[in-house]
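Below: one structure, written as structure tokens.
The values are calculated or read from the model by the stated rules, or taken from the named source; none is laboratory data. Computed from a predicted structure; not experimentally measured. Note that we place each Cβ from the backbone using ideal geometry, even for glycine, and neighbour counts take in every protein chain shown. Side chains are part of the model used for accessible areas, which takes the heavy atoms of the whole protein and leaves out ligands, DNA and RNA. Shrake-Rupley method; radii C 1.70, N 1.55, O 1.52, S 1.80 Å.
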Amino acid sequence: MRNEACVKPMGWISRAAARLGESLRIQLLAWIILTLIGAICVNLYISFHSADATAALVTDHTLLASARVIAEAVRVDASGNVEAEIPPAALEMFDTGYGDRVFYQVITAWGGLVAGFPDLPQPKAPDLGEDGDFRQDAVRLMMLDHPVVGLENAGTISVTVAVTHNGQYAMRRRLWLSDFTKQLALVLVAGLVTIVGLQRGLAPVLRLRDAVRERGRERLDPLPPDMVQSELRPLVHALNDHMERVQNQMAVQRRFVSNAAHQLRTPLALISTQASVAARESDPERRDEALQALRASTRQVTRLASQLLTLSRAEPGSRRPRSDRVDLTATARQVLESQAEEALRRNIDLGLEAEAPVLVEGDGTMLREMLVNLVDNALRYSSANGRVTVRVAQQDKSAVLTVEDNGPGIPEDERAPVFERFYRIIGTEPEGSGLGLAIVREVADGAGGSVALSDGSDRGLLVTVRLPIA
Ligand SMILES: Nc1ncnc2c1ncn2[C@@H]1O[C@H](COP(=O)(O)OP(=O)(O)OP(=O)(O)O)[C@@H](O)[C@H]1O
Ligand SMILES: [Mg+2]
């Protein structure tokens, strides 16, 4: 139970994060904000160090000035004694209102204390500011070596001045704050300008989205490519190409539906007339004739309807793609068995030449329909007493299925259009709807193969279907 409670909010959060990650605007904004936060952090660090260095420099200068004033006040009297009368100005220069305490020490080169605190630590080198501790306080120290006229052996004195950090730190804070606020304002203005620029840059993409969204189902005219920046124009071109393909596809579908309706209307009207004639006829023999004709017309419509259904199933995307391992030899044998009666009726020699099983990958039902249509054509368009041979073989990586007859064949200039839907060669007598070869091509294409027409060995037609073997 506890685990579930933990997992659920996590799932929700990761889903929300994933959704945010999908938004280009949010992604870009996140990057800009991250960059700004990074810039502000670097800015904080740099401005702190620069303020620290400046405040230390100013303190060092003041310490040096103070040491110099103290050094100037050191005198050697007539009897050679070194004495110093420290002027108040030397110490007052640290009176900045932060309660700093100042310490000093004046010693001769041989170590004699002239004035100040004897235990004040000395910096390592003269003229260089240094941090140190004096008694309980952290201090900034500065030492100055100064020659004193009249001192034994033309000697020098060392003046060390130390001051607590209050004033220095206050100055550092002020400098840092003012530097930081200026840079922060600069970064924020830059960030704001970038965000506005981003919004403006993304505006055409959003306009494109709205333009596509607002279109009705039927509006497929191209979008103007100049509505977006040049980098995005290939996307608009691709979108326009896609819409053109959809438009063409829709036109093909419309033509197909109208052709199908037209093809259905004629035999249905005939059926209606034949039914009326049969109903009116009192002579049993003539009524029988009318009923025979009615049955033939009904068969024609049924055949057309079943061919339409097969074609719609053969179209890409209409069925879930199936990849059965189909034995073409076995399928051919079944189809030939189912057509044997018709072949016998017309005294056609229907034969199969196949040795071993030839396996292909595809939709078994559709491959069977393809074969049915090829054998049906061969039987239907060959003259009585003709010969139809189906061969199945394997050549390299292809399965080769041929259906050969010795009928009238198809003239070369008709070999391309016969694959179109509802196309029939003018003058073809046997009934048909003109969909058989269109089905054959759809099935062959769908299985990754091809179909070709050529002359048979003894006049007639040779149909060759090549399919990749499984
Ligand atoms: N084996 C063949 N020999 C001669 N002509 C053929 C042969 N096969 C097809 N044809 C010609 O090609 C045309 C198109 O054939 P297709 O199979 O597409 O349609 P159909 O046979 O007329 O109708 P159905 O949809 O009922 O099969 C036929 O009308 C016929 O003129
Ligand atoms: Mg046919």
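Observations on the model:
- 222 nm mean residue ellipticity, helices alone, for the chain (DSSP H n ≥ 4; -39,500 (n - 2.57); rounded to 500): -19000 deg cm²/dmol
- Cα Rg over Rh - the range 32-187, Kirkwood: 1.15
- Residue 45 - accessible surface, heavy atoms, 1.4 Å probe, Å² rounded to 10: 150 Å²
- Magnitude of the charge dipole, the range 10-214, Cβ model with Lys/Arg +1 and Asp/Glu -1, debye to 20: 1980 debye
- Cβ-based net charge around residue 420, under 13 Å, with every Lys or Arg adding one and every Asp or Glu removing one: +3
- To the nearest 10, the accessible area of residue 13 is 90 Å² with a 1.4 Å probe.
- Spatial separation of Cα centroids for the range 136-208 and the range 384-427, in angstrom: 92 Å
- For residue 157, distant residues with modelled amide H under 5 Å away: 146, 148
- Of the residues 62, 470, 76, the one whose Cα sits farthest toward the positive end of the charge dipole of the chain, with +1 on the Cβ of Lys and Arg and -1 on the Cβ of Asp and Glu, is 470.
- Volume per residue for the range 372-470 equals 98 cubic angstrom (convex hull of Cα atoms).
- Net charge contributed by nearby residues that have their C-beta within less than 12 Å of residue 455 (K/R +1, D/E -1): -2
- Close amide H contacts of residue 388 (hydrogens built in the peptide plane, cut-off under 5 Å, sequence separation of 5 or more or a different chain): 349, 350, 351.
- Cα lying deepest toward the dipole's positive end in the range 189-233, options 190, 211, 225, charges on Cβ: 211
- Taking the protein heavy atoms of the range 61-148 in the context of the full set of protein chains, the accessible area attributed to carbon and sulfur is 51 percent at 1.4 Å.
- Of the trypsin sites (Lys or Arg not before Pro) in the range 322-400, the ones in a loop by DSSP (not H, G, I, E or B) with at most 16 other beta carbons within 10 Å are 322, 346, 397.
- Evaluated over the Cα positions of the chain, the convex hull gives a direction-averaged projected area, one quarter of its surface, of 50.3 nm².
- Residue-count net charge about residue 204 - beta-carbon cut-off 12 Å; Lys, Arg +1, Asp, Glu -1: +1
- Carbon + sulfur, % of accessible area of the range 231-312 - ligands and nucleic acids excluded, 1.4 Å: 57 percent
- Panel note: the C-alpha atoms of the range 231-312, placed on their principal axes, show extents of 81, 20, 9 Å (largest first).
- Placing +1 on the Cβ of every Lys and Arg and -1 on the Cβ of every Asp and Glu, with no other charges, gives the chain a dipole of roughly 2200 debye about its Cα centre.
- Where labels lie 7 Å past Cα in the beta-carbon direction, separation of residue 241 and residue 353 in nm: 4.5 nm
- Between residue 227 and residue 282, full extension at 0.36 nm per residue minus the direct alpha carbon distance yields a gain of 12.3 nm.
- Within the chain, the selection of entire DSSP H helices by a Cα span of 18 Å or greater along the long axis and an average Kyte-Doolittle value of at least 1.0 returns 24-72.
- Cα centroid separation, the range 34-106 to the range 271-286 (Å): 128 Å
- Of all accessible heavy-atom area on the range 321-468, the percent that carbon and sulfur account for (1.4 Å): 46 percent
- Scalar couplings 3J(HN,Hα) for the range 122-132, obtained by applying the Karplus form with A = 6.51, B = -1.76, C = 1.60 to θ = phi - 60°, are 9, x, 5, 9, x, 6, 10, x, 8, 8, x Hz; x denotes Gly and Pro.
- Surface accessible to a 1.4 Å probe, residue 49 within the full protein complex, Å²: 90 Å²
- With the charge dipole of the chain set up from +1 on Lys and Arg Cβ and -1 on Asp and Glu Cβ about the Cα centre, the Cα lying farthest toward the positive end among the listed residues 293, 262, 449 is that of 293.
- Rg/Rh for the range 182-278, where both radii come from Cα atoms and Rh is the Kirkwood radius: 1.47
- Rolling a 1.4 Å probe over the protein heavy atoms gives the chain an accessible area of 61 Å² per residue.
- Electrostatic dipole magnitude of the range 321-468 [Cβ: Lys, Arg +1; Asp, Glu -1; Cα centre; debye, to 20]: 100 debye
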